[in-house]
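Quick notes on the structure that follows.
What follows is calculated from the coordinates using simple rules that are stated; it is not laboratory data. Quantities reported herein were computed from a predicted structural model and do not represent experimental measurements. We place every Cβ from the backbone using ideal geometry, glycine too, and count neighbours over all the protein chains shown.
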Amino acid sequence: GESVGLHLPTLSVQEGDNSIINCAYSNSASDYFIWYKQESGKGPQFIIDIRSNMDKRQGQRVTVLLNKTVKHLSLQIAATQPGDSAVYFCAENGGGFKTIFGAGTRLFVKA
Amino acid sequence: NAGVTQTPKFQVLKTGQSMTLQCAQDMNHNSMYWYRQDPGMGLRLIYYSASEGTTDKGEVPNGYNVSRLNKREFSLRLESAAPSQTSVYFCASLRRQGLDTEAFFGQGTRLTVV
């Protein structure tokens with residue numbers, strides 16, 4: 001069945017370094033991908049999205065890269081800050097109203 | 001700006017009890033969703049409502065029912081709670097603007113079934 005998964009369940013980075021969180025998806029028909037950030041005790045919060053007709057999209061300190069050939073996307077966070085510590089989810093949408101979430105990666109930022 | 005509001009925030013039920021989780025959004029969004037999140041896992045879609053008056057099953061609908069009471073409110077009901085339904089439940093609404101979509105989530109309801 002369709003699935004979205006993550007390569008690394010946890011990631012620990014030094015404050016100020018760049019972070020890269022990876023995600024693999026299996027549904028080649030998915031045309032829309034989203035990254036969410038979830039802080040402890042809160043609901044997920046939208047970070048950035050990308051459509052399948054794009055390879056890269058940049059936001060404020062974040063960049064999402066999409067490689068459709070290998071069905072992989074990544075979230076890059078520049079100059080990681082302690083406030084970036086959270087669980088990050090990638091999600092895919094293959095059209096319609098269903099969004100499938102991956103299991104999440106926990107990011108720890110060391111001061 | 002309230003966004004998506006869920007009640008209650010915490011609930012403990014005994015096996016077999018019933019309860020309704022409430023969700024309301026004030027952003028005039030058409031689509032609303034209920035997810036459950038289990039420890040170490042992503043969110044799994046229980047039910048969704050693409051628009052007022054319609055509801056559809058998601059990935060894990062068994063043991064749940066929903067009601068789209070009006071455009072603002074989308075409730076989730078457990079008729080006979082089971083320990084397997086211990087989870088954190090999130091309600092979300094979806095903003096669609098052209099090709100762009102963005103989901104807004106509530107704070108979650110932590111449910112324990114004993």
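Contact order for chain B, expressed relative to its length and based on alpha carbon pairs under 8 Å spaced 6+ residues apart, stands at 35 percent. Here, the range B:23-69 is characterised by an Rg to Rh ratio of 0.99, where Rg is the alpha-carbon radius of gyration and Rh the Kirkwood radius. Here the alpha carbons of the protein assembly as shown define both size measures, Rg and Dmax, at 17.5, 51 Å. For the range A:13-71, the Stokes-Einstein estimate of translational diffusion at 25 °C and a viscosity of 0.890 mPa s comes to 188 µm²/s, using the Kirkwood hydrodynamic radius over alpha-carbon pairs.
Relative intensity of chain B on a log10 scale, I(q)/I(0) at q = 0.17 Å⁻¹, equals -0.76, per a Debye sum over C-alpha point scatterers of equal strength in the absence of solvent. Binning the C-alpha pair distances of the range B:59-114 at 10 Å intervals from 0 yields a P(r) profile of 19, 45, 28, 8, 1 %, listed from the shortest bin outward.
Provide a whole-number value for the mean count of partner chain Cβ atoms within 10 Å of the Cβ atoms in peptide B:40-47. Could you put the intermediate results ahead of the total?
Details: counts 5, 4, 15, 12, 2, 5, 0, 0.
Mean partner shielding for this stretch: 5.
A viscosity of 0.692 mPa s and a temperature of 37 °C, combined with the Kirkwood radius over C-alpha pairs in the Stokes-Einstein formula, give chain A a diffusion coefficient of 235 µm²/s.
Across peptide A:67-79, the average count of Cβ atoms from other chains found within 10 Å of a residue's Cβ is 0. In this structure the amide hydrogen of residue B:52, modeled in the peptide plane, comes within under 5 Å of no amide hydrogen from residues 5 or more places off or on another chain.
Please state the charge dipole magnitude for chain A, taken about the Cα centre, from unit charges on C-beta atoms (+1 on K and R, -1 on D and E), reported in debye and rounded to the nearest 20.
Roughly 60 debye, rounded to the nearest 20.
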